[in-house]
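> The structure that follows is given in the form of structure tokens.
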Amino acid sequence: MKLTVIDQALDEKVSKTPVGMAFWAGTGPAMTTCRTCLHYTFNGYKSARGNKGGMLKAGPCKEFIRLTNVDTHKIPHETPSCKFYKENKTPPTIIDSRKDR
Ligand code: SF4
């Protein structure tokens, strides 16, 4: 059953914001994502071929955990950043480029 949308702007924010974000997606600096934020927690790579070439897994946001004391949500790395964004000068790569481990 589809409910009537009363506030279109709020409905769009909710639909674009995964549970676990510290604030609405898309309210951070332009063209930035959670992956390059200092609050984003590296959570490893999904295994592809053997131990290399895997894609970055979703990870928890430390700012969300600090605000809510809930640590069970992981957000996709490509999510547009929020207003609590802080640049990470050495973010994890999207694809695991490490050689054999
Ligand atoms: S931009 Fe940073 S603070 Fe905001 S939800 Fe993503 S990881 Fe958390």
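The values are calculated or read from the model by the stated rules, or taken from the named source; none is laboratory data. A quick note: this is a predicted structure, and the numbers were derived from the prediction, not measured. A quick note on method: Cβ atoms are made from the backbone with ideal geometry, for glycine too, and the neighbour counts reach across all protein chains shown. Ligands, DNA and RNA are stripped out before the accessible areas are found, and what is left, the full protein with its side chains, is counted by its heavy atoms. Shrake-Rupley method; radii C 1.70, N 1.55, O 1.52, S 1.80 Å.
> Taking a quarter of the surface of the Cα convex hull of the chain, what do you get in nm²?
8.6 nm²
> For region 7-86, build the charge dipole from Cβ charges (+1 Lys, Arg; -1 Asp, Glu) around the Cα centre, then report which of 82, 21, 56 sits farthest towards its positive end.
Selected residue: 56.
> What is the percent carbon and sulfur in the accessible area of region 1-81, measuring with a 1.4 Å probe over the protein chains and ignoring ligands?
Taking all protein chains in place, region 1-81 shows 58 percent carbon and sulfur surface.
> Residue by residue through region 60-68, which ³J(HN,Hα) values in whole Hz follow from phi under the Karplus form 6.51 cos²θ - 1.76 cosθ + 1.60 (θ = phi - 60°), with glycine and proline marked x?
Running phi through 6.51 cos²θ - 1.76 cosθ + 1.60 with θ = phi - 60° gives x, 9, 5, 5, 4, 5, 5, 6, 10 Hz.
> From the phi of every residue in region 17-34, what ³J(HN,Hα) in whole Hz does the Karplus formula 6.51 cos²θ - 1.76 cosθ + 1.60 yield, where θ is phi - 60° and glycine or proline is x?
Computed from phi, the couplings for region 17-34 are 10, x, 4, x, 7, 6, 7, 4, 5, x, 9, x, x, 4, 6, 10, 10, 4 Hz.
> Search the structure for amide H atoms under 5 Å from the amide H of residue 37, placed 1.01 Å from N in the peptide plane, and list their residues when 5 or more places away or on another chain.
Long-range HN contacts for residue 37: 88.
> Place the peptides 86-92, 28-34, 16-22 in order of packing, highest mean first, counting for every residue the other Cβ atoms within 10 Å and averaging per peptide.
Highest to lowest by the protection proxy: 16-22, 28-34, 86-92.
> Here is a follow-up. Taking the Cβ of residue 75 as the centre, find all other residues whose Cβ is under 13 Å away and add up their charges (Lys, Arg: +1; Asp, Glu: -1).
Spelling it out: positives minus negatives among the neighbours equals +2.
> Once amide H atoms are placed 1.01 Å from N in the peptide plane, what residues at a sequence separation of 5 or more from residue 75, or on another chain, have their amide H within under 5 Å of its amide H?
Long-range HN contacts for residue 75: 59, 61.
> Can you show me the helix-derived [θ] at 222 nm for the chain, built from DSSP H runs with n ≥ 4 at -39,500 (n - 2.57) apiece and divided by the number of residues, rounded to the nearest 500.
So the helix-based figure for the chain works out to -4000 deg cm²/dmol.
> How large is log10 I(q)/I(0) at q = 0.22, 0.31 Å⁻¹ when the Debye formula is applied to the Cα atoms of region 43-92, each weighted equally and without solvent?
Relative scattering, expressed as log10 I(q)/I(0), comes to -0.92, -1.26.
> What net charge is computed for the residues neighbouring residue 38, neighbours being all others with C-beta under 13 Å from the C-beta of residue 38, Lys and Arg scored +1, Asp and Glu -1?
Once all neighbours under 13 Å are counted, the net charge is +3.
> Amide H to amide H under 5 Å from residue 45: which residues, 5+ apart in sequence or cross-chain, H placed 1.01 Å off N in plane?
Here 57 satisfy the definition.
> Please calculate how many Å² of accessible area region 7-86 carries per residue, with a 1.4 Å probe and no DNA, RNA or ligand atoms counted.
Heavy-atom SASA per residue in region 7-86 reads 62 Å².
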